[in-house]
Amino acid sequence: MLDVRTLFVVMIATCLLLAASMAVAVGFRFRDGVGKWTVSLVLQSVMFVLFLSRGFWPDAVSVIVPNALLTLCMSLQAAAILEFYHRKLPLWWHVVPPLSIVFLFSFLMDNLSARVLVTGICFGGGMLACGLLLQRFHGNHDRPARMMLMAGYLLAALMLFVRAVAMGIDRSVLKDFVTPTTLQGITFLAAFAVILLTSVGFL
């Protein structure tokens, strides 16, 4: 069975390496959304560090903060995609959703099932929205890259929806966040694939 903490270490290293590679690939000229995407990757590495250290920090730090960061990462990636196509994402998209997650999770700290359901609906919906956003843009020259990005987002949405449904059917499939289970192993292995698909696709 895949060890969740080991997967977190791998994803931390992957996010930082991708961020560095992206910066070097564009000659440190952070335009056309590259800057926002790079920041998103760095924030994802911080998020996985907080997930990895769960149990060493108060729950408010190791549960609420990384989930708020994930929301911010999604909005930054959406903004990066829009910037590439010379459009802008309103600033409130970077503020209201993360604060909403902080507010909601503060009431669900003792209810793992409810948190999994919320992440499935909110984050799965967010990933699906990012995938659908790419449908607004057309062009043969960038179609393969857009398809790669869409595949990554749709995989993430499916993963989150399935995780929420599985938890609703049988709570034993997820004992806690870092305890190795088949569901957690598949979830974070898919998350690793999503990081690679979306970042390489965007670059």
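The values are calculated or read from the model by the stated rules, or taken from the named source; none is laboratory data. Computed from a predicted structure; not experimentally measured. Positions of Cβ are generated from backbone atoms using ideal geometry, with glycine treated the same way; all protein chains shown enter the neighbour counts.
Residue under question is I81, and the condition is that it be at pLDDT 90 or above, closer than 25 Å to L134 by Cα and either in contact with a strand residue (DSSP E or B) (Cβ under 9 Å, 6 or more places away or on another chain) or not aromatic (F, W, Y) (or both); does it hold?
Details: at pLDDT 90 or above: yes; closer than 25 Å to L134 by Cα: yes; either in contact with a strand residue (DSSP E or B) (Cβ under 9 Å, 6 or more places away or on another chain) or not aromatic (F, W, Y) (or both): yes.
Against the criterion (at pLDDT 90 or above, closer than 25 Å to L134 by Cα and either in contact with a strand residue (DSSP E or B) (Cβ under 9 Å, 6 or more places away or on another chain) or not aromatic (F, W, Y) (or both)), I81 qualifies.
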**OP:** Considering each of C73, C122, C130 in turn, give the residue that is in contact with a Phe, Trp or Tyr (Cβ under 6 Å, 6 or more places away or on another chain) and either closer than 30 Å to R31 by Cα or not small (G, A, S) (or both).
**Re:** C130
Original post:
So which residues in the range 84-116 are in contact with a Leu (Cβ under 8 Å, 6 or more places away or on another chain) and farther than 20 Å from R163 by Cβ?
Top reply: K88, L89, H94, P98
Original post:
How do the helices (runs of 4 or more DSSP H) wholly within the range 25-138 filter down when requiring 2 or more residues that are crowded, with 20+ Cβ neighbours inside 10 Å and not hydrophobic (A, V, I, L, M, F, W, C): which remain?
Top reply: 34-52, 65-84, 112-133
**OP:** Sort through A19, A60, A78 and tell me the only one that's farther than 23 Å from L197 by Cβ and in contact with a helix residue (DSSP H, G or I) (Cβ under 8 Å, 6 or more places away or on another chain).
**Re:** A60
